[in-house]
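**Student:** Let me begin by handing over the structure; questions about it come next.
What follows draws every value from the coordinates through simple rules; no lab data is involved. All figures in this text were calculated on a predicted structure; none of them were measured in a lab. Counting neighbours? That spans all protein chains shown, and the Cβs are built from the backbone with ideal geometry, glycine included.
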C-alpha cells in the first residue's frame, strides 16, 4: 500500500518537541489563550513586523500532453505534469517530495 500521508513518521521526527508541549498544556490546563498561545502570538507578530525577507509559497508547474487520433471516433491522450515546490513549502515537514510527477493516459470515443 502507498501511504498518501505518513503522519507516524512525521510525528516521530517532531515527538521531542510535541510531547513536552502537549504535556505542559494538559498539566497547566491552559487550553485556550494560555501562555503557549500568547508566546506564539508574540513570536508570530515579531516575524510579520521583521525586516527579513519573507519566503512565499511557490509551486512551479509544467504540463505536456499529446493526443493521437486513430480515426474520427477514437483517440488516445497522454499527459504528464511536473511540479517543483519552492521556498518554505519545500522544507515543510509534511512534504514528502519537492518535485512530484503525475501522469494520465486516456482513451476517448466521440459520438
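**Student:** Normalised by the residues of the chain, what does the relative contact order come to in percent, with Cα pairs under 8 Å and at least six apart? Please list the in-between numbers first.
**Tutor:** On the way: 107 pairs, mean separation 23.7, N = 111.
About 21 percent, as a whole number.
**Student:** Mind pulling the angle between the C-alpha long axis of helix 35-49 and the longest principal axis of the chain? Nearest 10 degrees, somewhere in 0 to 90.
**Tutor:** Computed tilt is about 60 degrees.
**Student:** Could I ask something else about it? (i) 112; (ii) 205; (iii) 139: which one is volume of the Cα convex hull per residue in Å³ as calculated from this entry?
**Tutor:** (ii)
**Student:** Would you kindly state how much longer the chain becomes between residue 26 and residue 41 on full extension, computed as 0.36 nm times their sequence separation minus their alpha carbon distance, in nm to one decimal? Don't skip to the answer; put the middle values down first.
**Tutor:** Values: separation 15, 0.36 × 15 = 5.40 nm, distance 1.97 nm.
Contour length minus Cα-Cα distance gives 3.4 nm.
**Student:** Suppose only helical runs count, i.e. DSSP H with n ≥ 4. What mean residue ellipticity at 222 nm does that imply for the chain under -39500 (n - 2.57) per run, divided by all residues and rounded to the nearest 500 deg cm²/dmol?
**Tutor:** -12000 deg cm²/dmol
**Student:** Quickly work out the residue 17-to-residue 60 label distance, labels modelled 7 Å from Cα along the C-beta direction, and quote it in nm with one decimal.
**Tutor:** Calculated label separation equals 2.7 nm.
**Student:** Further question: Counting alpha carbon pairs within less than 8 Å and at least 6 residues apart, what relative contact order, in whole percent, applies to the range 56-111?
**Tutor:** This gives 39 percent for the range 56-111.
**Student:** Okay, next question. Please work out how much length the chain gains when fully extended from residue 98 to residue 4, using 0.36 nm per residue of separation minus the C-alpha to C-alpha distance, in nm with one decimal.
**Tutor:** 32.4 nm
**Student:** Another question, if that's okay. Roughly how many nanometres apart are two label points built 7 Å out from the Cα toward the Cβ at residue 109 and residue 69?
**Tutor:** Label-label distance for residue 109 and residue 69, simple model: 1.9 nm.
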